[in-house]
Structure formats: C-alpha cells, structure tokens
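What follows is a single structure, written as structure tokens, with notes after it.
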C-alpha cells in the first residue's frame, strides 16, 4: 500500500479545515497607535482581557501565575518561545532553603539570617537588603508550596560554593524541569491560559499612566522578528514581568561588559535577551546593576551550554574533588568560593598570548557517586575516566609527580579539617584515596544577570524619576535587579524566582481591578 | 549541451512561480500533489500567505497528536545513557515544542535540543 492511501480523504479534509481555522485571527484595526504611549481620548479595546497577565513562564512566572490563581484571579501566561520554562526548565533544579526538613534531618542548624549573611558576602554588600530578606525568609515555606504541587527533592542536602553550610535541595531530575513541568501541569489543570509563541511588543497604558495591558505578537516564531499577528491583551489587575535576564543578548551584554564577548559561551536558552527589559525602561522602570553579569564557574569548554559538566562539577568535583592548573598540577583557588571568585580565578589561567589554558577538575568514583550526568558526560567525552593518577595526568598533560604531591597535600588538609592554602570550607570535604578518577576541563560561561529593574517589597516596578510604583506593573525573578548584588550564590535563583514570583502574584491578585473594554 | 541546459533553466524559471519552486521532502511530494500535478500549499499553510509557518495542528491532522508521536519514539523500559532521549517527550519541554522547530519542509530539518545537546537521531528525515 502506498503512503498516500494511508491518509483518508476525511483526514485530508480535516487537515485543510484545521489549517484554515488556524489562520483566522481577529482583526485589529488601528492598534499600533494604542501601544505604549496610549494617551489618546479613546480607551483601547482589547482582544482578550484577564485579571493578571504574566509575561514569562520560568520559576518566577509560573509561581506568580499559580499564586494569583490561588487567590481567585483569572490568569494568562505568555511566553515568546515555542516552549515554556525559559532558563528555568533547563537549569540544575537546585534551590537554597534556609530551615528545610532535610537540614533538620541531617542536624544542620541554619537560619534566615545566616542565608542573608552568606548572600550579602557574595554580593560584596551591593545587595538590596530588604528584597534579600524577603527572599530568604520565604524559602522554607515556598519549598513546601512546591512540594504540594508535586516537586520531589533528592533525599539529601548539598553544600554549594559560597554558602557557609549545606542548604541546597535539588529536584530528583537534577533539572529545573522537575519544578517547571509540575507547575505547568497544575496551571493547565487550574484553568490558567498558557500561551507560547506570544511575544511582548510594548505596554498599553491608560491616561493616568497605569499599565493596563500589552501589545503582543501572537504566533511569533522565535527568532523571526516580524512573525505573528499583533493583538492587545488587557490586564485588569496588573502585568507581572517574569522575563528573565539577557545573558544571550550579545550586543546588550557587551554594552554592559565589553569583555563578555562572543568567545564566551552561555548556559542560557537563546531567548534570554533584553527586549522586555528595554520595554520596561521605556515606560520609566529603573535599571539597577545591569553590568553585574555572572559567569558559571562549573562549565566546560568541551560542550555547548550548561551541558553535563556543570551538574558534574557542582555535585562532584567542587564538593568532593579539586581543580588544578594543568601546567603545575596544583590547586589555585578555593573550590567552594562563590561563583565570581571561582570564575575570576579560572579565567586567570592563560598562556602568554592570552589564550585560555583550561584547568582540570577531578574527583574519584566515591566523589562522583551522586553525579547523574556522569555517564552522559563520558558518552560525549566531556568527562574522562582514568584508572590511576598517572593516567589522569597523561590524559590532560599534567606533570604526574606534581599532581600526586598535590593530592597527598589535599588529603592531609582533609585529615586536619583545614585548608590552609585557600580556606575552603571542609564540612563535606573528602580525601582522594583511590581511583578510578573522573576529570573535566573547565572554563566559565555567561550564566545570570544580577541586574534588572528596581522593585519594592510589594514586587512593584519603581519609576526611575519618582521612585514610586508604576501602577499596574510588577516584576519578579531574574528580571529584577539588586537582590544578589555583585554575585549570586548558586541555588538562589530558584529561591528568588519562586519567592518573588509568588509575592508578585499574591499582591497583584489582591489589587483593585480596573474596567477594560473588549474589542 | 549548453543550449539544452539554458533551455532547461528557462523552462524551470517559467514554470516555477512560487510554490512549485519550493523544495518538498520526497516523502511528502506525492501526498501533497493533487490530481492536476500541482502542489497543494494549503494542505499545510491553509489560506495563510506564503512563507507563513504552519501551526502544529496542520502536522497533527495527518501525523496524530504530539502525545501519539511521543509514543512512537518511546525509549525502551529502563534504557540507559546509551539510548538517546525521546525527542518527542523531553525532560525539559514535555511534548510542547511545535513540530516546525525541528521538522522543516523546505530546508534541512534540525534538532532543537541540540542547541545544548549532541543527540544523534539517525532516523530523523532531514
């Protein structure tokens, strides 16, 4: 039987009907005049109206949407990408929680104040302390909120760099998808409108200057800028911007930090660009710390993006192994320092021409026992296995004698419980006694924008001139600036996204609704 | 010889306004061609203008839903890292990704996941 015969005439008919229906989108009239600077006499007519409109579907967006829905609001989430979840669904799924049940179980005494102090230290004191407290204070309860939506954590606490003690929970999937997928499922179940391929073009304001909706490209095909039909979506209570950072916006990130050029890869998804931020600035939002852009110190130059090495290094090499300069076989930094300190240290390793000399991180089978990406990393030769230290040295052209001496010195430090050379916290340090060894070459990648718009503790976006809230405009997560100061600690973006997203969702849903007109 | 070639080129130019010039995958060529030998653009594009990107529903009307497609490319029970992930049921995106982000009719198809990963899907028709 030929392929053609397999398709019934009815099915082909259906195909045509379906395609025809898909293109019949409501007409828009004189719409562009209503965008952004809508101060005309006639109030705009919207194609669709909801109470709360969330832009972006990562941790902050999905948390805002569900929290607003819990409060009884009608909610729509739009995302310009073909898929939901932005960076959140491709991240490592690790959340810093001060005072978790798992910490209690392991006898770890933590507090909100300790977490605030750790984040302030990493942030070099540049942090917005009120927002920082709000985030840390909300982690324990938000962790339970996520569990209620079906998020599952690994049954142990991890010690990530820059934290003074183990407080990091991680999804069983080792991915933020373990949070995003359950939240999307819940959103659909609870009647939240989820729209992908819908890109924010500009804000719609009323005569009083309040944000009352947005103009979007409906059916947008990333990254083709002119695709999609223009439509207006109204928001009776407010618009919540959960639009993330701009790590993949090469032009804009280089305006902030010329050194972050195209030679540096990024861990981010390709949609992590600056248009939404610029739209907020156009209506008066105050940009804070835009030049504070974080590099992820656990990435490998031997693969694209976040990859397999980032997971391997955070759960294995950094807590349970060491990183050495391949030319000397010696350690050269505290492997559990914050991300900025580690990335800066790694990037000092260059030859006379200024080209990178990739350092190598390694641990042994015991240290790598919990690394879920080990097998995948080995499959793609990002992570390499060696039975002995001599073999490991040969693999990466490290002087073998020096490497063995370094391992011996490290083991002495572990026994003494103190790293006199670089001051690494030793609570979970492990002596490196026997092979097999697993090594990975390392070089940082652009990872996170600490900067963004200035918000208050009500998650309202503040105006550049008046420092008063821009009515109807809220922001949460990476889109906001100032919480992390000069360097965000690992696992604190999930914490920030969920806590500030819920904060924005709750407050926006509780605000007074305005009346809007349907087209 | 040259004359034959230029005649062929001319013929191609004259007979190829719009759709006929668009390359189709061979496995779609026959199905999309009507009794008059003309490719029916509307089969995928509906009444939309040329260059529009078909909606997922256009693909689904012949190939079944995303969930049905995911079932077809399911990994064997307990498969390890030696078996590539199910491209139609991703850990990160489920089955949300519209077909056209990987499968492209008029140019070479690509794997969306491979913006980060290195998955090999030799059976994918490019």
(request) Test each condition in (1) closer than 25 Å to residue B:115 by Cα; (2) at the interface with another protein chain (Cβ under 10 Å from one of its Cβ atoms); (3) in a helix (DSSP H, G or I) for residue B:70 and report the one that comes out false. (result) (2)
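Taking segment A:249-264 as the search range and keeping residues that are in a loop (DSSP other than H, G, I, E, B) and without any contact (Cβ under 8 Å) to a residue 40 or more places away in the chain, which one is farthest from the other protein chains (Cβ to nearest Cβ)? Break it down into steps so the answer makes sense when it comes.
Start the filter on segment A:249-264 by keeping residues that are in a loop (DSSP other than H, G, I, E, B), which leaves A:249, A:257-264.
Still in the running and without any contact (Cβ under 8 Å) to a residue 40 or more places away in the chain: A:249, A:257-259, A:261-263.
Values: A:249: 16, A:257: 23, A:258: 25, A:259: 24, A:261: 20, A:262: 16, A:263: 18 Å.
Among residues in segment A:249-264 that are in a loop (DSSP other than H, G, I, E, B) and without any contact (Cβ under 8 Å) to a residue 40 or more places away in the chain, the one farthest from the other protein chains (Cβ to nearest Cβ) is A:258.
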(request) Could you check, for segment A:84-92, whether at least one of its residues is buried (at least 24 other Cβ atoms within 10 Å of the Cβ), modelled with pLDDT under 95 and in contact with a helix residue (DSSP H, G or I) (Cβ under 7 Å, 6 or more places away or on another chain)? (result) yes
(request) Taking the residues in segment A:374-424 that are in a loop (DSSP other than H, G, I, E, B) and within 14 Å of chain B (Cβ to nearest Cβ) as candidates, determine which candidate is surrounded by the fewest Cβ atoms within 10 Å (Cβ to Cβ). (result) A:381
(message) Being more than 12 Å from residue B:105 (Cα to Cα) and either surrounded by 11 or more Cβ atoms within 10 Å (Cβ to Cβ) or facing chain A (nearest Cβ under 8 Å) (or both) is the filter here; which residues of segment B:35-51 pass it?
(response) B:38, B:39, B:40, B:42, B:43, B:46, B:47, B:48
(request) Determine which single condition residue A:81 fails, assuming it passes every other condition in (1) away from chain B (no Cβ under 14 Å); (2) closer than 26 Å to residue A:183 by Cα. (result) (1)
(request) Considering (1) more than 27 Å from residue A:157 (Cα to Cα); (2) modelled with pLDDT under 95; (3) within 16 Å of the chain's Cα centre (by Cα), say which one residue A:311 fails and leave the rest. (result) (1)
(message) What pairs come out if I take residues in segment B:24-38 that are part of a loop (DSSP other than H, G, I, E, B) and pair them with residues that are surrounded by 11 or more Cβ atoms within 10 Å (Cβ to Cβ) whose C-beta lies under 7 Å away, six or more apart or interchain?
(response) B:24/B:32; B:24/B:39; B:24/B:105; B:25/B:105; B:34/B:40
(request) Give the residues of segment A:147-162 that are in a loop (DSSP other than H, G, I, E, B) and out of contact with any strand residue (DSSP E or B) (no Cβ under 6 Å at 6 or more places or on another chain), sorted by residue number. (result) A:149, A:150, A:151, A:152, A:155, A:156, A:157, A:159, A:161, A:162
(message) Residues that are buried (at least 24 other Cβ atoms within 10 Å of the Cβ) and within 23 Å of the chain's Cα centre (by Cα): does segment A:199-208 have at least one?
(response) yes
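Kindly indicate whether any position in segment A:163-176 is over 30 Å from residue A:424 (Cβ atoms) and not in a strand (DSSP E or B).
No, segment A:163-176 contains no residue that is over 30 Å from residue A:424 (Cβ atoms) and not in a strand (DSSP E or B).
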(request) Could you tell me which of the residues A:213, A:209 is more than 24 Å from residue B:94 (Cβ to Cβ), part of a strand (DSSP E or B), away from chain B (no Cβ under 14 Å) and in contact (Cβ under 8 Å) with a residue 60 or more places away in the chain? (result) A:213
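Could you tell me whether residue A:232 is more than 14 Å from chain B (Cβ to nearest Cβ), in contact with a strand residue (DSSP E or B) (Cβ under 9 Å, 6 or more places away or on another chain) and surrounded by fewer than 19 Cβ atoms within 10 Å (Cβ to Cβ)?
no
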(request) Working only within segment B:110-126, note down all residues that are buried (at least 16 other Cβ atoms within 10 Å of the Cβ) and either in contact with a helix residue (DSSP H, G or I) (Cβ under 6 Å, 6 or more places away or on another chain) or more than 8 Å from chain A (Cβ to nearest Cβ) (or both). (result) B:111, B:112, B:113, B:121
(request) Working only within segment A:111-155, note down all residues that are farther than 24 Å from residue A:288 by Cα and either surrounded by 15 or more Cβ atoms within 10 Å (Cβ to Cβ) or in contact (Cβ under 8 Å) with a residue 60 or more places away in the chain (or both). (result) A:112, A:114, A:140, A:142, A:143, A:145, A:146, A:149, A:151, A:153, A:154
(request) Output the residue which, of all residues in segment A:265-318 that are in a strand (DSSP E or B) and touching a helix residue (DSSP H, G or I) at 6+ places or on another chain (Cβ under 7 Å), is surrounded by the fewest Cβ atoms within 10 Å (Cβ to Cβ). (result) A:287
(request) Answer with yes or no whether residue B:88 is away from chain A (no Cβ under 12 Å) and buried (at least 17 other Cβ atoms within 10 Å of the Cβ). (result) yes
(message) Kindly evaluate residue B:61 against the criterion of being in a helix (DSSP H, G or I) and modelled with pLDDT of 90 or more.
(response) yes
(message) Looking at segment A:119-139, can you tell me whether even one residue there is on the phi > 0 side of the Ramachandran plot, at pLDDT 95 or above and touching a helix residue (DSSP H, G or I) at 6+ places or on another chain (Cβ under 7 Å)?
(response) no
(request) Go through (1) at pLDDT below 95; (2) more than 18 Å from the chain's Cα centre (by Cα) one by one and return the number of the condition residue A:162 breaks. (result) (2)
(request) Give the residue that is farthest from the other protein chains (Cβ to nearest Cβ), with candidates limited to residues of segment B:4-33 that are surrounded by fewer than 11 Cβ atoms within 10 Å (Cβ to Cβ) and modelled with pLDDT of 85 or more. (result) B:23
(message) Here are the criteria: (1) loosely packed, with under 14 Cβ neighbours inside 10 Å; (2) more than 8 Å from every other protein chain (Cβ to nearest Cβ). Tell me which single one residue B:80 does not satisfy.
(response) (2)
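The values are calculated or read from the model by the stated rules, or taken from the named source; none is laboratory data. Bear in mind that the values here come from a model prediction, so they are computed numbers and not experimental data. So basically every Cβ, Gly included, is an ideal-geometry build from the backbone, and we count neighbours across all protein chains shown.
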